[in-house]
Amino acid sequence: MKTNVHFSYINADELAYAGKTTVVIDVLRASTTIIQALQNGAREVIPVASVEFAVKVSGGMFGGQTLLGGERNTKKLEGFALGNSPLEYTSEVVAGRTIILFTTNGSKAIVKAKFSENLFIAAFTNLNAVADHLLKLDKDFEILCSGRGNNFSMEDVICAGKLITEIQKINKDVELTDSAKASVALSKSFGKSIVVMMEQTEHGRILTENSFNEDIKFCSRLNTSETIPYLTSGVLKPLQ
Ligand code: MLT
């Protein structure tokens, strides 16, 4: 088993993921929000790479059962029902609904990796569930950290490092690329208190400035969910 970590999706060629097993991470907040939506009974989440496409998809499909969710620069978009806070995605709001999700980076990273043979979504909240599943699958895997634009995001890379560390507890022979080794090293140095680490990241500070402190706390919870979002035909559903 071999793993590699990508620090941003921006320069990735979408064909680079064709036929691969890919784990997409956008801890703050898209991947945590997707896990929460599916855990709370959303029928599916459709990640999209543009607002225009989100509006188009929600207009004519799925019998009016869709909810538009997401953000631009942390804020809910005009005309959208939901923002990108995992706390908004309660079972009362999302159960049985199709969510069309546009976010500044996370949904774009997922769309970029859409040709993967297997595509899973991970965050701190479902870390062990994803690690167990990857161990069962026993295939090489790519971790695509969404980052912010072209920039490295500490929280995504630390989550990637922790995921690899969990896998190494069972499979000591996982082969790591340099970026995977760096992710593990960073998670050991900075991952002791996830909430403190996240509050100090660039993205954490932006969320704090915009009064999303509770989201940082929620996104820092470790292993509170068994839900693994899995992409089939462009749609994320819980892996059965
Ligand atoms: C993103 O996709 O860049 C994030 O999920 C932004 C956020 O809502 O914090």
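The values are calculated or read from the model by the stated rules, or taken from the named source; none is laboratory data. It should be emphasised that the depicted structure is a prediction, and the values quoted were computed from it without experimental measurement. Cβ placement follows ideal geometry from the backbone for every residue including glycine, while neighbour counts extend to all protein chains displayed. Only protein heavy atoms, including side chains, enter the accessible area calculation; ligands, DNA and RNA are left aside. Shrake-Rupley method; radii C 1.70, N 1.55, O 1.52, S 1.80 Å.
Summary table below
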{"item": "Of residues in region 184-240 being among the small types (Gly, Ala, Ser) and within 16 Å of the ligand (Cβ to nearest atom), the one nearest to Lys108 (Cα to Cα)", "result": "Gly204"}
{"item": "Segments classed as strands (runs of 3 or more DSSP E), wholly inside region 1-84, with at least 3 members that are within 28 Å of Lys217 (Cβ to Cβ), within 16 Å of the ligand (Cβ to nearest atom) and not β-branched (Val, Ile, Thr)", "result": "66-72"}
{"item": "Tally, over region 100-138, of residues that are among the polar types (S, T, N, Q), farther than 15 Å from Ala37 by Cα and either away from the ligand (no atom under 11 Å from the Cβ) or assigned to a helix (DSSP H, G or I) (or both)", "result": "3"}
{"item": "Extreme residue, nearest to Asp215 (Cα to Cα), among residues of region 131-153 that are open to solvent by 10 Å² or more (accessible area, probe 1.4 Å) and within 14 Å of the chain's Cα centre (by Cα)", "result": "Arg148"}
{"item": "Pick from region 179-222, criterion outside any helix (DSSP H, G or I) and over 16 Å from the mean Cα position of the chain (by Cα), ranking: nearest to Met154 (Cα to Cα)", "result": "Thr201"}
{"item": "Pair list, Cβ under 7 Å, 6 or more apart: region 185-203 residue more than 22 Å from Thr103 (Cβ to Cβ), other residue among the hydrophobic types (A, V, I, L, M, F, W, C)", "result": "Leu186/Val157; Leu186/Ile158; Ser187/Ile158; Phe190/Met154; Phe190/Ile158; Phe190/Met197; Gly191/Ile158; Gly191/Met197"}
{"item": "Hits in region 165-177 (condition: more than 14 Å from His133 (Cβ to Cβ) and either at pLDDT 95 or above or touching an Asp or Glu at 6+ places or on another chain (Cβ under 9 Å) (or both))", "result": "Thr165, Gln168, Lys169, Val174, Glu175, Leu176, Thr177"}
